[in-house]
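Structure, as C-alpha cells:
What follows is calculated from the coordinates using simple rules that are stated; it is not laboratory data. Small disclaimer: the values here were computed from a predicted structure and weren't measured. Cβ: placed from backbone, ideal geometry, glycine included. Neighbour counts: every protein chain shown.
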Amino acid sequence: MENLLQQISNYGFPMAVSVYLLVRVEGKLEYLSHSIMELSKVIESLKGIGNSS
C-alpha cells in the first residue's frame with residue numbers, strides 16, 4: 001500500500017502537470033492554426049491585387 005502511494009506521488013504530479021500543459025498548448029495551437037489560415041487568405045488576396053495592375 002505504501003509503495004502504491006509512493007508511486008502515485010512520484011508519477012501523479014508530473015502527469016497532472018503534463019496534462020495541464022497539453023490542454024493549454026492545444027488551445028494556443030488551435031488559435032495559431034486559425035491565424036495562419038487567415039494570414040494565407042490575406043496573402044492570396046494581396047497577390048490577386050498585385051497581379052491585376
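Filtering the range 23-35 to residues that are of a type in the set (A, V, I, L, M, F, W, C) and loosely packed, with under 10 Cβ neighbours inside 10 Å leaves only V23. Only one entry in E2, E30 is under 27 Å from the mean Cα position of the chain (by Cα) and of a type outside the set (A, V, I, L, M, F, W, C), namely E30.
As for the range 42-51, it holds no residue that is part of a helix (DSSP H, G or I), among the basic types (K, R) and within 25 Å of the chain's Cα centre (by Cα).
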